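Below is one structure, written out as structure tokens, with a few remarks after it.
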Amino acid sequence: MKSDTKVTTLGRDPEANFGVVNPPVYHASTILFPSLEAYDAAQKIKTKNQMRYGRYGTPTTFALQDAIAELEGGYACFAVGSGAAAVLSVLMAFTKAGDHVLCVDSAYGPTRQACNTILKRYGVETTYYDPAIGAGIADLIRPNTTLCMMESPGSVTFEVQDVPAIAAACQARGVATAIDNTWATPLYFRPLEHGVDVSIMAATKYIVGHSDVMMGVISVRTQAIYDAVRPTVDTLAAPSGPDDQYLAMRGLRTMALRLKQHHQTGLTLARWFQAQPEVTRVMHPALPGDPSHSLWQRDFSGASGLFGFVMKPVARKALAALIDDLELFGLGASWGGFESLILPQDIRAGRTAAPWTDPGQIVRIHAGLEAPEDLIADLERGFARLRKAVAAG
Ligand SMILES: *Cc1c(COP(=O)(O)O)cnc(C)c1O
């Protein structure tokens, strides 16, 4: 089945739910057992989708987790309370004091922060690597390296990694691999099929799709990896709630349709930015000529609506003239909802393996589901205000 079909059918079982189309919302902490024998049996069970206690999930949770695991092509999935909780759970599941982690330099800021603070406090060392490293990752693997963390394309600067090459090099040396797949979702990139062990997404973004829920999902390739990750996820106590799981499932139903529009509008806006004299560079892997374009073309089947551009250095006041009066682009964190966003960013302090030296202003755009003509008209007015502000000094 095509993924367009899968997102509309996965996780549903009307016959088990009085004919109701969608899986119901189960609110639960305590799960009652009819006998001591049944209770004892449930404590021993280590397979997925077992009712034991609310934190370990209910049928609402299992329906969503199974749907996402199927889309990712994995054995199982865990739905937790945020994307950041998903990342931290995976970092902690594969490390102990004395271990070494490889993390891509273009990782999501809080991923880097988790390595630099929490892992460090518990005696785990992190080496950041250039997103363009590819098979060269082998040179950075040490005897105590246990995990390689990828994110493709990278946060803010959108470098696509050579995931198959990195996964193969790590697998050859017994190093587990994980990737943040939030940008592409399994509809446009399937990391587990390239040998990656764990695929993480901030479901907060495209799965939920409506800017109203925090959630993270962790999909694992095999049962052995499931067994390795599960004790940490179960104990970190960051479960997602059933109403949020219901909303995530609702978001999933339209994700294929939404992503097609985000892809198209994102490219339309990216090309518009390329034509502006103030813009020195657009960072979007689906644009021909982008340094990541050939890898994107090889491994991905689409692009989402998030990309960035660099503009000539600009005074904060002139930048405000561009941004403050935009009607359709909101100023705020997160993305993946139905609405367009704009966010100036500064990454210079957050890159160590491949230092960022461009003095220009980085701006991140999320192309929402509004008509592209209206978005461009809004941006044209914004750039006119910018030019006026620059001319006025
Ligand atoms: C937003 C985001 C996260 C974190 O997800 P939250 O649900 O906000 O905690 C992780 N990775 C990437 C790439 C993100 O954009």
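Give the distance, in whole Å, between the Cα centre of region 266-284 and the Cα centre of region 129-186.
After rounding, the separation between the Cα centres reads 28 Å.
Tell me which GluC sites (Glu not before Pro) from region 127-224 have a DSSP coil assignment and no more than 12 other beta carbons within 10 Å of their own. All intermediate terms of the calculation are to be shown ahead of the outcome.
Working: sites: 151, 159, 193; in loops: 159.
Within region 127-224, no GluC sites (Glu not before Pro) qualify (loop, at most 12 other Cβ atoms within 10 Å).
Would you list the P(r) distribution for the chain, with all Cα-Cα distances sorted into 20 Å bins from 0 and each bin expressed as a whole %?
28, 55, 17, 1
Going by Cα centres, region 363-393 and region 72-128 are how many Å apart?
37
Antiparallel as a % of all DSSP beta bridges within the chain, to the nearest 5?
Details: 26 of 46 bridges.
Just about 55 percent of them are antiparallel.
For the chain, what does the helix formula give at 222 nm: sum of -39500 (n - 2.57) over DSSP H segments with n ≥ 4, over the residue count, nearest 500 deg cm²/dmol?
Working: 13 runs with 141 residues, N = 393.
Calculated at 222 nm, the ellipticity per residue is -11000 deg cm²/dmol.
Below 14 angstrom from the Cβ of residue 381, what's the summed charge of the other residues (Lys, Arg +1; Asp, Glu -1)? Don't skip to the answer; put the middle values down first.
Details: positive: 385, 387, 388; negative: 324, 325, 327, 373, 374, 378, 380.
Net charge around residue 381: -4.
Measure up 2/96; 44/120; 46/205; 2/120; 6/120; 46/96 against 32 Å on the Cα-Cα distance and list the ones that go over. Working shown, then result.
On the way: 2/96 40 Å; 44/120 34 Å; 46/205 30 Å; 2/120 43 Å; 6/120 41 Å; 46/96 22 Å.
The pairs that break the limit, which is 32 Å between Cα atoms, are 2/96; 44/120; 2/120; 6/120.
Grab the eigenvalues of the alpha-carbon gyration tensor for region 198-247, scale each by 5, take roots, and send me the semi-axes largest first in whole angstrom.
On the way: eigenvalues 101, 34, 12 Å².
That gives 22, 13, 8 Å for the three semi-axes.
Charges on Cβ only, +1 for Lys and Arg, -1 for Asp and Glu, centred on the Cα centroid of the chain; of 354, 293, 204, which one is farthest towards the dipole's positive end?
354
Over the chain, with the other protein chains present, what is the accessible area per residue in square angstrom, probe 1.4 angstrom?
Values: 16740 Å² over 393 residues.
I get 43 Å² per residue for the chain.
So for region 45-94, considering every pair of alpha-carbon atoms, how many percent are separated by more than 14 Å?
Of all Cα-Cα distances in region 45-94, 58 percent exceed 14 Å.
Ignoring ligands, DNA and RNA, what percent of the accessible area of region 257-382 is carbon or sulfur (1.4 Å)? Provide the component values of the computation, followed by the final result.
Values: 3040 of 5590 Å².
Carbon-and-sulfur percentage of accessible area, whole number: 54.
Give me the percent of accessible area attributable to carbon and sulfur for region 133-245, probe 1.4 angstrom. Before the final figure, lay out each step's value.
On the way: 1830 of 3400 Å².
Ligands and nucleic acids excluded, carbon and sulfur give 54 percent.
Check each of the trypsin sites (Lys or Arg not before Pro) in region 73-144 and keep only those in coil by DSSP with at most 14 other C-beta atoms within 10 angstrom; list them in order.
Numbers: sites: 96, 112, 120, 121; in loops: 96.
Here the sparse-neighbourhood loop sites are 96.
Using Cα-only point scatterers and the Debye equation, what is log10 of I(q)/I(0) for region 181-298 at each q in 0.20, 0.23 Å⁻¹, rounded to two decimals?
-1.18, -1.32
The values are calculated or read from the model by the stated rules, or taken from the named source; none is laboratory data. Just so it is clear, the structure is predicted and the values come from calculations on it, not from any experiment. Methodologically, a virtual Cβ is constructed for each residue, glycine included, from the backbone with ideal geometry; neighbour enumeration extends over all protein chains shown. The protein model used for the area step is the full one, side chains on, heavy atoms only, and it has no ligands, DNA or RNA in it. Shrake-Rupley method; radii C 1.70, N 1.55, O 1.52, S 1.80 Å.
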